[in-house]
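The structure appears right after this line, and notes come after that.
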Ligand code: NDP
Ligand code: MG
């Protein structure tokens with residue numbers, strides 16, 4: 001039986017992971033659960049899954065429910081380090097890193113250092129951790145299991161082909177809600193329109209990232225580090241049906257793909273049950289009714305965030321951290337209605353003027369670099 005720590009248990013990925021676990025109760029025990037502040041949902045999950053350890057990063061939310069949880073015999077951790085604390089102090093052997101944003105870096109590092117089976121949904125930590133995370137994995141003999149659907153698909157297409165020559169990785173992209181919109185209309189798009197993803201039901205931040213294609217940009221960086229491929233071999237392909245989750249093209253011209261329903265639970269379960277494949281609660285993909293599959297090149301004129309991410313991947317050093325932090329602050333402002341859609345790429349570009357290139361950062365420097373970019377962009381918004 002695997003003992004799982006679900007880090008970010010109240011989010012879109014976290015709740016879908018608990019759904020997978022609920023349907024495979026004999027395979028899993030929940031060792032730890034952590035969230036930021038949604039304690040109403042957390043308390044329900046605690047009742048159902050009885051973890052030993054619970055983490056709540058928002059201080060006020062932690063104080064509000066701490067005594068109630070302690071009375072149940074649960075160890076409760078508060079503050080930003082609560083997420084990594086859940087990994088460090090529970091008896092988990094497997095972790096799912098599914099918090100949103102930069103806060104994923106610290107639990108990811110703990111999970112690797114403690115040699116846990118590490119399932120990663122949080123892409124921002126891989127983008128910012130970059131070569132330092134790759135090095136840490138090497139040191140501790142840990143292989144990350146990607147949950148992000150595209151990377152999960154690529155991982156599956158690479159299985160059994162170790163050492164073979166890869167010609168291209170084709171990273172598929174739904175195109176988001178504005179795929180067919182004219183640039184003038186996208187410029188006026190509200191955050192409410194941007195949140196309406198045609199294919200996936202996800203958290204707010206990744207939904208906006210999918211509308212700007214910053215998400216695909218983050219995923220290019222994520223693929224570069226996870227699969228050790230040069231940027232020139234990563235090809236973004238718009239595939240609006242979101243059935244082919246990504247592809248690997250080998251030297252002989254063979255293209256392997258992983259297909260499946262548009263539902264994250266298959267990728268989550270694959271990572272959690274790895275190396276076994278088990279039956280899933282998802283109904284199978286019906287090949288006769290799924291319709292046509294189409295593939296288009298991306299348009300970086302309407303979606304400049306993708307080109308900016310490519311620039312970050314080329315420049316290396318601090319630039320991916322600048323991309324992520326500037327994007328994060330800009331998305332928060334956009335979600336408040338404080339800036340228009342195309343200010344998101346403009347703010348990322350302005351971050352590059354100040355924070356660009358240099359050596360690949362060491363782990364201990366990354367939080368400081370992230371904070372510096374955030375401060376700079378927050379000031380330029382206000
Ligand atoms: P959600 O916004 O739905 O959930 C985020 C989770 O992180 C919640 O548990 C939330 O807690 C917690 N959280 C929020 N703010 C903080 C903070 N400051 N510090 C620590 N934890 C925090 O996000 P998603 O589930 O959509 O995404 C999670 C990660 O997975 C992201 O990195 C995303 O890019 C990635 N991903 C998501 C996919 C999806 O389909 N949703 C697909 C592929 C990747 P609380 O609820 O208490 O606020
Ligand atoms: Mg994805």
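Where a number appears in this text, it was derived from the coordinates with a stated rule and is not lab data. Keep in mind the model is a prediction, meaning the values are calculated, not measured. Ideal geometry is used to build each Cβ from the backbone, glycine not excepted, and the neighbour counts take in all protein chains shown.
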>> Please list the three semi-axes, largest first and in whole Å, of the ellipsoid equivalent to segment 22-88, using sqrt of 5 times the eigenvalues of its alpha carbon gyration tensor.
In response: 19, 13, 11
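Tell me the Kirkwood radius of the chain: reciprocal of the mean inverse pair distance over distinct alpha-carbon atoms, in Å.
On the way: mean 1/r = 0.0473 Å⁻¹.
Here the Kirkwood hydrodynamic radius works out to 21.1 Å.
Starting from 0.36 nm per residue, how many nanometres of slack lie between residue 279 and residue 162 once their C-alpha separation is accounted for? If you can, show how the numbers build up before the last one.
On the way: separation 117, 0.36 × 117 = 42.12 nm, distance 2.58 nm.
Gain on extension, residue 279 to residue 162, equals 39.5 nm.
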>> Going by Cα centres, segment 309-382 and segment 57-72 are how many Å apart?
In response: 33
>> Which of 44, 168, 123 ends up with the largest GNM mean-square fluctuation for the chain, with Cα atoms connected below 10 Å?
In response: 44
>> With every atom except the alpha carbons ignored, what do you get for Rg and Dmax of segment 189-260, in angstroms?
In response: 14.2, 46
> Top mean-square fluctuation among 259, 290, 369, Gaussian network model of the chain, C-alpha springs under 10 Å?
Replying inline: 290
> Label point 7 Å out from residue 354 along Cα-to-Cβ: which residues of segment 298-337 have amide N under 17 Å?
Replying inline: 318-333
> Which percent of Cα-Cα pairs in segment 224-382 sits in each 5 Å bin, short to long?
Replying inline: 1, 7, 13, 14, 14, 15, 14, 12, 6, 3, 0
>> Among 17-27, 291-301, how do they line up by average Cβ neighbours within 10 Å per residue, starting with the highest?
In response: 17-27, 291-301
> Which residues in segment 125-149 have a backbone N closer than 17 Å to a point placed 7 Å from the Cα of residue 114 along the Cα-to-Cβ line?
Replying inline: 137, 140-145
> Please state the equivalent ellipsoid semi-axes for segment 248-294: what are the square roots of 5 times the Cα gyration tensor eigenvalues, largest first, in whole Å?
Replying inline: 22, 19, 8
>> How large is the translational diffusion coefficient of segment 207-248 in µm² per second when you combine the Kirkwood radius over alpha carbon pairs with Stokes-Einstein at 37 °C and 0.692 mPa s?
In response: 292
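Determine, for 270, 323, the number of other Cβ atoms within 10 Å of each Cβ, and report the residues in order from fewest to most.
On the way: 270 26, 323 30.
Least to most surrounded, the residues fall as 270, 323.
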>> Need one number: nm distance between label points at residue 254 and residue 93, each 7 Å from Cα along Cα→Cβ, rounded to one decimal.
In response: 3.3
>> Per DSSP helix of 4 or more residues, -39500 (n - 2.57); summed, then divided by the residues of the chain. What does that give at 222 nm, rounded to the nearest 500?
In response: -14500 deg cm²/dmol
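What does the highest-first list of 309-319, 147-157 look like by mean Cβ count within 10 Å?
Details: 309-319: 20.6, 147-157: 25.5.
By packing density, highest mean first, the sequence is 147-157, 309-319.
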> Using alpha carbon centroids, what distance separates segment 204-275 and segment 73-152, in Å?
Replying inline: 20
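Which of the peptides 69-78, 129-138, 7-16 is most tightly packed, and how do the rest follow, going by the mean number of other Cβ atoms within 10 Å of each residue?
Values: 69-78: 15.3, 129-138: 18.3, 7-16: 25.2.
Packing order, densest peptide first, comes out as 7-16, 129-138, 69-78.
Projected area of segment 129-222, taken from the Cα convex hull and averaged over every viewing direction, in nm²? Don't skip to the end; give the middle numbers.
On the way: hull surface 31.9 nm².
Mean projected area of the Cα convex hull: 8.0 nm².
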